[in-house]
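Okay, structure first, notes after.
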Amino acid sequence: MSSPKVIRWGILATGVIAVTFTKDLLVDPTTRGVTSIKHTVVAAASSSSVSRAESFLRRVGAPASARAYDSYQDLIADPDVDIIYIATPHSHHYQNAMHCLEAGKNVLCEKPFTVNAEQARLLVNMAKEKGCFLMEALWTRYFPLAAYVREILSSGRLGTLVRVMTDCNIATNPEKSFKDGKHRMVNSELAGGALLDLGVYSLTWPFLALYDTQPRETRKPPKVLAAMTKYPPTFCADETTTMVLTFPRNESAGGDAHAIATTSIRLETSPASDPNPPASVRIQGTLGEIQLFPCAHNPTHSKLVLWDGTVEEKPWPQPGPGKGSGWFNGFGDSINAEGEGQGMFWEADEAGFALCEGRKEGKYLGLEETVLIMEVMDETRRQGELRYPEKIETTKFPVQL
Ligand SMILES: NC(=O)c1ccc[n+]([C@@H]2O[C@H](COP(=O)([O-])OP(=O)(O)OC[C@H]3O[C@@H](n4cnc5c(N)ncnc54)[C@H](OP(=O)(O)O)[C@@H]3O)[C@@H](O)[C@H]2O)c1
């Protein structure tokens, strides 16, 4: 058996998600049955200080040889880096990713990909020009659970797909949690609000079910009808947003299909005290539906319910080093069981496979679809009259943020 190809990562930014992702990245891939690649971290950069980059590398358990930089440019210039993971706030993705691509570096960029669709298009063009791999880190698309949902949809067990309902929230009291207004959830300078941060997950499942299942040559963008309520202290970020989408489809394929995608920074899909919480995702067809729990961005449980009485429930635990390893991961303050990963390694594996195969985009969320989803969010913001400061909406490059 040939030895696994080592993918050499550079980590750009050292915030909350960078820690979670990089810890997952460094889990031995054989714990999830992956033997053809291995990941390593050769460098990390912080825009604030070298000591922050150093403590990040220690915290995630990076190899002692990993280099710490106090500038993103130094990381981008590092010849040993095969691919850069961008984990800055979304306001910064366009500028950061453009710097990487211009220098010929492959990029995995956190979600949402950019602030608007035009920025996304320009990144795609630059990636093509430079022959680089580029992928939105929409981790949920690469879960085994997502593969299972795709299988159920293509099996025809749900009949003709008619409707998708999705909800993604963070259930907080924003005036309390984000009192100073600086957090990226409410800060317009960081493209704050529910839509870009969470709504991108609410859009994930309608696209997976109602767009990806149509023939590439004939599928068309959905029509969008949006309602948006702004966050009252500033009115510069959206607090609660609802999108009604119509996916055009031939009469022979069942006619137009609908989706309702909702998102809020204040609400929850149901209160934590609810003994029987509802699904956050429901994909409905003429013969039954598939439901996902508990949340649209990180579902861990599926339930297939058919009109003929069939009910199939499945847990989807994340693999990792396992019990007794003394290793923990999670997001922010929420820590998973000992040895259980967060599920961010699946997207990293996909990027690694693509580099080995010479593919330039992700398999389950291509760049055309990433741009289209940004267009849907542009249209939603247009209807909701939400525009961010020009310096982060701009397509000018370079701009110092
Ligand atoms: N996939 C997921 O599950 C998931 C979860 C959460 C967030 N995200 C996405 O990941 C991105 C980062 O989110 P996060 O929660 O990690 O944010 P965060 O904790 O605030 O970290 C962002 C990092 O970006 C760097 N940065 C550079 N310029 C900045 C600026 N002007 N303001 C703030 N930070 C700046 C900082 O790192 P340095 O000081 O080291 O440069 C900072 O630590 C967002 O786009 C978000 O949507 C994804």
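The values are calculated or read from the model by the stated rules, or taken from the named source; none is laboratory data. Just so it is clear, the model here is predicted, and its values are computed rather than measured. Note: ideal-geometry Cβ built from the backbone for every residue, glycine included; neighbour counts use all protein chains shown. With ligands, DNA and RNA removed, areas are computed over all heavy atoms of the protein, side chains included. Shrake-Rupley method; radii C 1.70, N 1.55, O 1.52, S 1.80 Å.
For region 362-401, the solvent-accessible area with a 1.4 angstrom probe is 50 square angstrom per residue.
Rounded to two decimals, the Cα-based Rg/Rh of region 38-123, with Kirkwood Rh, is 0.97. Taking 7 Å steps out from each Cα toward its Cβ at residue 270 and residue 176 produces label points 2.3 nm apart. Towards the positive end of the charge dipole of region 144-315, with charges on Cβ (+1 Lys, Arg; -1 Asp, Glu), say which of 283, 195, 169 has the farthest Cα. The residue sitting most towards the positive pole is 195.
With a probe of 1.4 Å, find how much accessible area region 144-315 has per residue, and write the answer as a whole number in Å².
With all protein chains present, region 144-315 gives 46 Å² per residue.
Each residue of region 1-147 gets 124 Å³ once the volume of the Cα convex hull is shared out per residue. Given their separation in residues at 0.36 nm each and the Cα-Cα distance between them, residue 154 and residue 306 gain 53.2 nm when the chain is fully extended. Along its first, second and third principal axes, ordered by size, the chain spans 58, 53, 46 Å in Cα coordinates. Taken as Cα centroids, region 247-291 and region 1-49 sit 34 Å apart, rounded to the nearest whole angstrom.
What translational D, rounded to a whole number of µm²/s, comes out for region 103-185 from Stokes-Einstein when the hydrodynamic radius is the Kirkwood one over Cα pairs, at 25 °C and 0.890 mPa s?
146 µm²/s
The relative contact order of region 144-315 comes to 29 percent, based on Cα pairs under 8 Å that sit 6 or more residues apart.
Think of each Lys and Arg Cβ as +1 and each Asp and Glu Cβ as -1; about the Cα centre, that makes the dipole of region 123-173 roughly 140 debye. Accessible surface comparison of 114, 242, probe 1.4 Å, protein chains only, largest first: the order is 242, 114.
The HN-Hα couplings worked out from phi for region 335-343 by the Karplus form 6.51 cos²θ - 1.76 cosθ + 1.60 (θ = phi - 60°) are 9, 6, 4, 3, x, 9, x, 8, x Hz, whole numbers, x standing for Gly and Pro. Surface composition of region 144-315: carbon plus sulfur atoms hold 55% of the accessible area, using a 1.4 angstrom probe and ignoring ligands, DNA and RNA. Ordered from largest to smallest accessible area (heavy atoms of protein chains, 1.4 Å probe), the residues 264, 49 come out as 49, 264. Taking 0.36 nm per residue of separation and subtracting the Cα-Cα distance, full extension of the segment from residue 323 to residue 128 would add 65.8 nm. I want to make sure I understand the PRE zone here: with the label point 7 angstrom from the Cα of residue 287 toward its beta carbon, which residues in region 309-325 have backbone N atoms less than 18 Å away? Within reach of a label on residue 287, which here means backbone N under 18 Å from a point 7 Å along Cα→Cβ, region 309-325 contributes 309-313. Contact order, relative form, for the chain: 19 percent (alpha carbon pairs under 8 Å, 6 or more residues apart, mean separation divided by residue count). Between amide H atoms placed 1.01 Å from N, distances below 5 Å from residue 43 occur with 11, 67, all of them 5 or more places distant or on a separate chain.
Excluding residues fewer than 8 places away in the same chain, name every one of the lysines whose C-alpha is closer than 20 Å to that of residue 182. Output for residue 182: 111, 230, 391. Backbone phi angles across region 60-74, fed through the Karplus curve with coefficients 6.51, -1.76 and 1.60 (θ = phi - 60°), yield HN-Hα couplings of 7, x, 5, x, 4, 6, 5, 8, 10, 10, 9, 8, 5, 4, 5 Hz in residue order; Gly and Pro are listed as x. Here the gap between residue 2 and residue 314, fully extended at 0.36 nm per residue and compared with their Cα-Cα distance, gives a gain of 108.9 nm. Just report the Cα centroid separation between region 322-338 and region 202-232, whole Å. Answer, in whole Å: 34. Kirkwood radius and radius of gyration were both taken over the C-alpha atoms of region 144-315, and their ratio Rg/Rh is 1.01.
The calculated 222 nm mean residue ellipticity attributable to helices in the chain amounts to -8500 deg cm²/dmol, summing -39500 (n - 2.57) over DSSP H runs of n ≥ 4 and dividing by all residues. Shown in residue order for region 263-273 are the 3J(HN,Hα) couplings computed by the Karplus curve 6.51 cos²θ - 1.76 cosθ + 1.60 at θ = phi - 60°: 7, 7, 8, 9, 9, 10, 4, 7, x, 4, 7 Hz (x for Gly and Pro).
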